[in-house]
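Novice: Mind looking over this structure? Questions follow.
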Amino acid sequence: MKDKVLYIELTPKEFKERLSRAPIAYLPLGTLEWHGHHMPLGADGLISSGFFIELAKKAGGIVLPMLFLGPDNAKTVDGKEYYGMDIQSYPSQHPQQLLGSAYWVKKSFFKQILAEVLKQLKRAGFRIVVAHGHGPSTMAFYQISKKWKEEIDLALYTCWRDNESDGLGIQTDHAAANETSLMMALRPELVKIQNLPADKDEIPLGLDGKDPREFASSEVGKKIISLHVERMAGILKVALEKINLENQ
Ligand SMILES: [Zn+2]
């Protein structure tokens, strides 16, 4: 299988060829969001795109550009808006707008965007859509998937498993050991662990999960990616066989 998998790079002929082999679209759910002093602001989309590129090479299909708008917990204090890690990092009455975050939209609006994207993908010929990335965006996709599966007649998947407690899922924390390991495996040059406090007793700002200074590595990231490329490729193979049976 040819390795050109990005939607934005395909000519119509190449698009048609890939689509006829595997009508799968991968939608990276990104953000522009504080991911600690050590990670890029686009971490969510970079990780999910990077993973989907590997998966598309194995399972077939086409990788869409990342969405950078997404929902999150939100709170207004004294007329100022705070969301996601702004609040989680400062659970008291004093949240802080973390530098660089610019992604928040209402969950109901985000679901509308997803629904429109799905309609466009169906129209373009896809039969399966896999979406994953920023937690609250992935959750919104999961929540609409039941309804839209039937209404738009698309098979919809995220990359979540039933139990993610082993830390070896795809994007199961926020800028902590899991996401940092994935970024180290995919784009090592973008991770600056040295930007985090050298004193391990000092808790890094705006992270949620196990300490990346102790537990993140590119080896762990690579292990997670190969585990989920295999796992998702198996799921998608079965889904494609089902579609082919229906078409006979
Ligand atoms: Zn993230």
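Every number in this text was worked out from the coordinates using simple rules, so none of it is lab data. Computed from a predicted model, the values in this text were never measured in an experiment. Note that each Cβ is placed from the backbone with ideal geometry, even for glycine, and that neighbours are counted across all protein chains shown.
Novice: Quick one: if the Förster radius is 25 Å, what FRET efficiency do residue 245 and residue 143 give, using the C-beta to C-beta distance and rounding to 0.05?
Specialist: Between residue 245 and residue 143 the formula returns 0.30.
Novice: Turning to a different aspect of this structure: Are there trypsin sites (Lys or Arg not before Pro) in segment 137-189 that DSSP marks as loop and that have at most 12 other Cβ atoms within 10 Å, and which are they?
Specialist: Loop-located and lightly packed - none at all.
Novice: Further question on the same structure: Which distance in nm do the two modelled labels at residue 150 and residue 166 give, with both placed 7 Å along the Cα-to-Cβ direction?
Specialist: Simple spin-label model gives 3.4 nm for this pair.
Novice: Between residue 77 and residue 201, what is the label-to-label distance in nm when each label sits 7 Å out along the Cα-to-Cβ direction?
Specialist: Here the modelled spin labels are 2.7 nm apart.
Novice: Further, regarding this structure: Per the Kirkwood treatment, what hydrodynamic radius in Å, one decimal, follows for segment 99-156 from the mean inverse distance over all distinct Cα pairs?
Specialist: Roughly 12.0 Å, rounded to one decimal.
Novice: Please give the peptides 64-72, 5-13, 109-117, 34-42 ranked by average Cβ packing (other Cβ atoms within 10 Å per residue), highest first, as a rough proxy for protection.
Specialist: Sorting 64-72, 5-13, 109-117, 34-42 by mean packing, highest first, produces 34-42, 64-72, 109-117, 5-13.
Novice: Something else: Return P(r) of segment 12-137 (all Cα-Cα pairs; 5 Å bins starting at 0; whole %; ordered from short to long distances).
Specialist: The calculated distribution, bin by bin, is 2, 11, 18, 19, 17, 12, 9, 6, 4, 2, 1, 0.
Novice: Sticking with this one: Please give the calculated 222 nm ellipticity per residue for the chain, where each DSSP H segment of at least 4 residues contributes -39500 (n - 2.57) and the sum is spread over every residue; nearest 500 deg cm²/dmol?
Specialist: The per-residue figure over the chain is -14000 deg cm²/dmol.
Novice: Right, here's the next one. Could you tell me the ratio Rg/Rh of segment 173-239? Both radii from Cα atoms, Rh via Kirkwood.
Specialist: 1.10
Novice: A follow-up question, please. Using Stokes-Einstein with the Kirkwood hydrodynamic radius over Cα pairs, what translational diffusion coefficient do you get for segment 1-82 at 20 °C and a viscosity of 1.002 mPa s, in µm²/s rounded to a whole number?
Specialist: 149
Novice: Loop only per DSSP, at most 10 neighbouring Cβ atoms within 10 Å: give me the chymotrypsin sites (Phe, Trp or Tyr not before Pro) in segment 140-228, ordered by residue number.
Specialist: Of the chymotrypsin sites (Phe, Trp or Tyr not before Pro), not one in the loops of segment 140-228 has a Cβ with at most 10 other Cβ atoms within 10 Å.
Novice: So which GluC sites (Glu not before Pro) in segment 196-246 pass both tests, a DSSP loop state and at most 11 other Cβ atoms within 10 Å of the Cβ?
Specialist: Within segment 196-246, the qualifying GluC sites (Glu not before Pro) (loop, at most 11 other Cβ atoms within 10 Å) are 202.
Novice: Right, next: Can you tell me the length gained on complete extension of the stretch residue 124 to residue 13, counting 0.36 nm per residue apart and subtracting the Cα distance?
Specialist: Taking 0.36 nm per residue and subtracting the Cα distance, the gain is 38.6 nm.
Novice: Counting only other residues whose beta carbon sits under 13 Å from that of residue 222, what net charge do I get with K and R as +1, D and E as -1?
Specialist: Counting the neighbours of residue 222, the net charge comes to -1.
Novice: Excluding same-chain residues fewer than 8 positions from residue 242, which lysines have a Cα within less than 25 Å of its Cα?
Specialist: 2, 16, 57, 58, 119, 122, 146, 147, 149
Novice: What is the diffusion coefficient of the chain in µm²/s, taking the Kirkwood radius over Cα pairs and the Stokes-Einstein relation at 4 °C with a viscosity of 1.567 mPa s?
Specialist: 69
Novice: Moving on to the next point. So, in Å, what gap is there between the alpha-carbon centers of segment 152-174 and segment 179-204?
Specialist: 23
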